[in-house]
Amino acid sequence: MKYSDFPDFEEINIDNLAGKNIEVTIQCTTYNQKDYIKKALDSFISQQFDRDFEVLIYDDASTDGTTEIVREYAGRYPDKIKALIALENTYVHPRNAEIRRKIRGDYSLGKYIAICEGDDFWTDSLKLQKQWEALEQHPECDMCACRADMVSEDGELAVGEIRPQEGDGILSQEKVIVGGSNYIATVGLFFRKTLFDYAMGFEIIKGSDYAWQIRGSLRGGIYYLDRSMAAYRRYARNSVTAKIYSDSEVRQSYNKLEIRILQTMDEETGGRYHDAVLRRLANYKISFYSQLSDRKEEVIKLVTQDQGKKYIWGNGRRGNALERLFQEENIAIEGICDITDRLVGERTEYGNIICRADTVLEQADVIYASVSVAYTYLKDLGLRAKVINMQEYMPLN
């Protein structure tokens, strides 16, 4: 596929806010998210912020009607929303990172930038105000993050949270590096526009969430607000995350890019965070299944002592690792489920039926929670079933 060096865009309301003293630019990238984008845009417009802010939407050549919704909102709020609509999709463009950086740097008027993808949304009308105050009060930090809920695809059901620590405070560079891309919620990122003054080499490799988080932490850590103010849709259609988790080849390719990012960052920073980099790199070498295998005797002893109807809760990568081990060791289960109730009635690659979550809650004698978030959720329900936290046996992300 041949690409132009730089794509063309349709510009909407780009000059409408010129001359205004814009304090914050909300940047929203969207592609084929017609079922989600309105909720995101409504959550931006409803922000109660005592300074001027703007919304910059980048529509990456959507084909499902998202573009028409973007145009509708830009027409409704010409003094608040401006948009760039790509005439060709740039997701796999060889200069993707440079394109995204130019858009975010050249078209944003704000002193600060707030990020929210088109399939996510904010849940607190004071989000901008709180994060702006945090960075004004902490000039040593370039980035602020907040606690975020993980919600079902329809946005109605909370299925977990992204909460790196309890209480407000600074997340160190080491914690951000070791934590990986899921340590902080991208939907909650708020940072100084000066981060776009120049690009470090590791950022150019791939304009990923993880690279932004590392860059945002380098000067003085990331200031964290332990207040839930945003929502991340789990398994949203057409999302990058959904592609990564559903396609092993995409996941392996993505992991290789993150390894390059870490290695390049390590060189650029003179090895200042080398120990943290090594700890993080270990995660890419150790699969969830291999972690279980290393403790196989312990896991088998744990599982075989349980009687009754057994289910696995969670059909992500950890759940799949449990299924594989159980199949190889001839450990029978009734089925597997996920609170989002995706693919109910179908069978997994290991032949297990995917059940409704409420069916599992009613019938299970034992539930193997594949992640700690699910374990906490299930324990809080006060079930008669025995609930076991299996993430303890495969803790590395």
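Derivation of every value follows stated rules applied to the coordinates shown; laboratory data play no part. Computed from a predicted structure; not experimentally measured. Note: ideal-geometry Cβ built from the backbone for every residue, glycine included; neighbour counts use all protein chains shown.
Descriptive notes on the structure:
- Helix 127-137 axis, angle to the chain major axis (alpha carbon atoms, nearest 10°): 70
- Radius of gyration and Dmax over the Cα atoms of segment 39-109, both given in Å: 13.2, 40
- Rh by Kirkwood over Cα pairs, then Stokes-Einstein D for segment 9-238 at 1.002 mPa s and 20 °C, µm²/s: 122
- By average C-beta atoms within 10 angstrom, highest first, the peptides 183-193, 37-47: 183-193, 37-47
- Whichever lysines have a C-alpha closer than 19 Å to that of LYS379, once near sequence neighbours (fewer than 8 apart) are set aside: LYS309, LYS310
- Seen against the Cα atoms of the chain and their longest principal axis, helix 248-268 is set at about 60 degrees.
- Here the sum of -39500 (n - 2.57) over DSSP H runs of 4 or more residues, divided by the residues of the chain, equals -11000 deg cm²/dmol at 222 nm, to the nearest 500.
- Pairwise centroid distance, computed over Cα atoms, of segment 338-397 with segment 123-192, Å: 27
- Residues of the chain were split at every exposed loop site, defined as GluC sites (Glu not before Pro) in a DSSP loop with at most 10 other C-beta atoms within 10 angstrom, and the longest piece left, sites excluded, is 167-345.
- Over the chain, Cα pairs under 8 Å with separation of 6+ residues give a relative contact order of 14 percent.
- Taking the DSSP bridge list for the chain and keeping only pairs wholly inside it, about 35 percent are antiparallel.
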